[in-house]
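Structure, as structure tokens:
Laboratory data are not the source of any read-out in this text; all were calculated from the coordinates shown. Everything numeric in this text was worked out from a predicted model, so none of it was measured. As a convention, Cβ positions derive from the backbone with ideal geometry for all residues, glycine included, and neighbour counts pool all protein chains shown.
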Number of protein chains: 2
Amino acid sequence: MSRKSLRHTAKGEHTRQRIVEAADRLIGWRGVTRVTLEDVRAEANVSSSQIYHYFADKQALIAAVVDRQDSLSSAGESMLGAFESADALRSWGRRLVEGQRESQSAGGCPIVTLGTGLMDLDVDTVGQLARIFRRCEDEIRAGYRTMHANGELPPSADPDALATMTLATAIGGLVLAQLNSDAQPLQLALDAMLDCLQSRQENSPKTLVPN
Amino acid sequence: MSRKSLRHTAKGEHTRQRIVEAADRLIGWRGVTRVTLEDVRAEANVSSSQIYHYFADKQALIAAVVDRQDSLSSAGESMLGAFESADALRSWGRRLVEGQRESQSAGGCPIVTLGTGLMDLDVDTVGQLARIFRRCEDEIRAGYRTMHANGELPPSADPDALATMTLATAIGGLVLAQLNSDAQPLQLALDAMLDCLQSRQENSPKTLVPN
């Protein structure tokens, strides 16, 4: 259900919407942490008193942005576009990457930004988190390189790309598990990924995964 | 570099470490939002004045937890365990899922929790984010089911599991892109995933991905 207040006049509702849409755009571009109420005020071209009339603080505004995304997606508006062929899949992947590039990877998909970007952490800490994940990836990559050298991955497989994929799938699965308070999405995602890897391995000299 | 203060005596440093370790454990179990300084105080068995002596606020404590993880991982301590065979891969997946289950999916991997769980959002908003991602997954699933029905995925493929995997890989790729301010991890992860899918499709009647 929308938490949109019904107290506002039509004109007031219009102003409120304009603010929420401006916040949505800015968060998509820059990420949640880098957007201030002042940025949103300028982008929406409203006064400070108008912003604070509708939103007590940044958290309230962010909740309204999520609310907007929730309404849009429940109204049956396609978020991903057609997804029914390999071409469509590749083109979805391309759009996601391009969106990320355009925002200098600070923003991009607003829901992922909202679900993951609310870090009131300083830049140092973000850098540390990035480094820790890189070390995880290094471990995975070293394993895949060994498997590749041992012939347990087909010669055409790229151990480096598989390592990034594996780490990403694990992180995404953990995000979904935490948001849903349920480990099942993590399990499904990892199992499907390992099954896909296994099918790559089936053309390989040694069968990798005992069944 | 560790931001650990060097001003403390050996005993003080020991107390500080005990607090950070307690916070690390609690965040892993419950997630960042659900852990208060009071919880950490009780878990570490120290006084309030001791906590506030070392950490001005929760953010400072969280930064120290990240610092600890950074030091542990840079010291070459394996985070993932052996990763050099299919068995090791499956067992890593199993441990990740079990950790998630044990924490009722609130905590689990502390770095993912830190990188993604810092949501000062209310429970409603978390529920909305989960719903929005479910709708994305629904769209992906519908596409994969069509492809499955059209023979563009092999009969043994599970479109539902592939949809969860695809969403998870995209989310994880976006998290890595944002943490690194670089779209490349997203691109690598998505490309590798689509390549893996393609190799599943190669045994399928119709070739899915034109080369």
message: For a quick size check, give me the Cα extents of the stretch B:121-201 along its three principal axes, largest first, whole Å.
response: 42, 30, 14
task: Would you mind listing the distances between the A:ARG101 label point and the same position in each other copy? Use 7 Å along Cα-to-C-beta, nm, one decimal, shortest first.
output: 4.3
- request: Can you put B:GLU38, A:GLU98 in order of Cβ neighbours within 10 angstrom, beginning with the fewest?
  value: B:GLU38, A:GLU98
- request: Between copies, how far apart are the B:ASP124 label points? List them in nm, one decimal, shortest first, with each point 7 Å from Cα toward Cβ, please?
  value: 3.8
